[in-house]
Each structure stands twice: as structure tokens, then as C-alpha cells.
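Novice: Before we start, here is the structure in question, set down as C-alpha cells.
Each value in this text was obtained by applying a stated rule to the coordinates, not by laboratory testing. It should be emphasised that the depicted structure is a prediction, and the values quoted were computed from it without experimental measurement. Using ideal geometry, Cβ is built from the backbone for each residue, glycine included, and neighbour counts are taken over all protein chains shown.
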Amino acid sequence: MKLRRPLALALLAAGGAVSITGCSNVDALIWGNDGAEVIATTEELVGDLSSGGASDLLCEDLDADLGAAADWAGRSAGEPERFFADYWEEQAALDPQWNINVEGRPEGSVPGDMFPSDIFYRETDDGLCVIDVAWSTLLAVG
């Protein structure tokens, strides 16, 4: 009984701290500081591209189709992962260190539409930069 009360109080305090400090700290708790940075960078990129603006987050040697603003509208960061070359063979030569899936669908999308599905980041002295974007086709469900 004596051990339960301090443990419960510690968990309650930790939960309260997380709810007060906001989402990015939750991301750091779940994905670590590096993963949280990938999520925050992705949210910034999606904001830049969905507004039709340019982004400072693109690597200088980026040679990828970024699509149109509508392709990014309503999208958000998914789950960050350390890059795994065996799965992403096409991107391996680009030397990314991270990739993250993009969640949500552009409004009005229908089966057969193409959409950005994964973003690949390279670590630089200035932070993360986008080195590639993978596209997927929306499949019919039924």
C-alpha cells in the first residue's frame, strides 16, 4: 500500500505535466527528441506546401515532385522512423537518415488519385532537409 501511493502520485504528476506542456513533448516522450523533430519539421513542411508557398526545408539537391498545394491540404505528420535502406531501395542513394509517413487524404480524393505518402529527410548541420517524397495511389476499398 505504501508503494502504490507514491507511484500513483508520480504517474498523475507526469500525466499532468504532459497535458500542460503540449503535444510536442508527448512526441518526444514517444519518439524521442530526434523523432519529435522529424514530426515538427513535417508539420512545418506540410504547412508550407499546403499554402502554396515555398519551403526552406528542401535540400539543395532535391529532385522530387512536390505536387500542388491541394496534394498537401489536410495532411499531417505520421510516425517517424530511422531510414531503413532494405525497404526504401530507391531512396538509399540519396542518403536520408529519417522517413515519415504522411497521414490524411486531400479533400475530394478518389481511388486512383496520387498523393504524397512518405517524406525522406537528410540530417545537415542546419537541421533536417527534405531529400525525397514518395507518392502512392489511393486504392478503392470494397
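Novice: If amide hydrogens are placed 1.01 Å from N in the peptide plane, which non-local residues have theirs closer than 5 Å to the one on TRP135?
Specialist: Under 5 Å from the amide H of TRP135 lie the amide H atoms of SER117, each far enough along the sequence or on another chain.
Novice: While we're on this one: Quick one: what are the phi-derived ³J(HN,Hα) couplings along the range 50-57, Karplus 6.51/-1.76/1.60 with θ = phi - 60°, whole Hz, x for glycine and proline?
Specialist: 6, 8, x, x, 7, 10, 7, 8
Novice: In addition: When a/c is below 1.5 the answer is rounded, else prolate if a/b is larger than b/c, else oblate, so apply that to the range 61-142 with a ≥ b ≥ c taken from the square roots of the Cα gyration tensor eigenvalues.
Specialist: Details: a/c = 2.08, a/b = 1.72, b/c = 1.21.
Prolate shape, in that a/c is at least 1.5 and a/b is the bigger ratio.
Novice: Could you tell me the calculated FRET efficiency between ASP61 and VAL141, based on Cβ-Cβ distance and R0 = 30 angstrom, to the nearest 0.05?
Specialist: According to the calculation, E is roughly 0.20.
Novice: Just subtract the alpha-carbon distance of ILE30 and ARG105 from 0.36 nm times their residue separation and send over the number in nm, one decimal.
Specialist: Numbers: separation 75, 0.36 × 75 = 27.00 nm, distance 2.42 nm.
So the chain would gain 24.6 nm between ILE30 and ARG105.
Novice: At 7 Å along Cα-to-Cβ for each site, give me the label-to-label distance between GLU81 and ALA54 in nm.
Specialist: Roughly 3.3 nm, to one decimal.
Novice: Under the Karplus relation 6.51 cos²θ - 1.76 cosθ + 1.60, θ = phi - 60°, what is the ordered set of whole-Hz ³J(HN,Hα) values for the range 74-83, x standing for Gly and Pro?
Specialist: Each residue of the range 74-83 in turn: x, 9, 8, 5, x, 10, x, 9, 5, 4 Hz.
Novice: Output the peptides 124-130, 100-106 sorted from most to least packed, where packing is the average of other Cβ atoms within 10 Å over each peptide's residues. Provide the component values of the computation, followed by the final result.
Specialist: Numbers: 124-130: 14.3, 100-106: 17.3.
Ranked from most to least packed, the peptides come out as 100-106, 124-130.
Novice: Around PHE115, what is the net charge, scoring Lys/Arg as +1 and Asp/Glu as -1 over all other residues with Cβ under 12 Å from its Cβ?
Specialist: Values: positive: ARG75, ARG105; negative: ASP65, ASP71, GLU103, GLU107, ASP113, ASP118.
So the surrounding residues net to -4.
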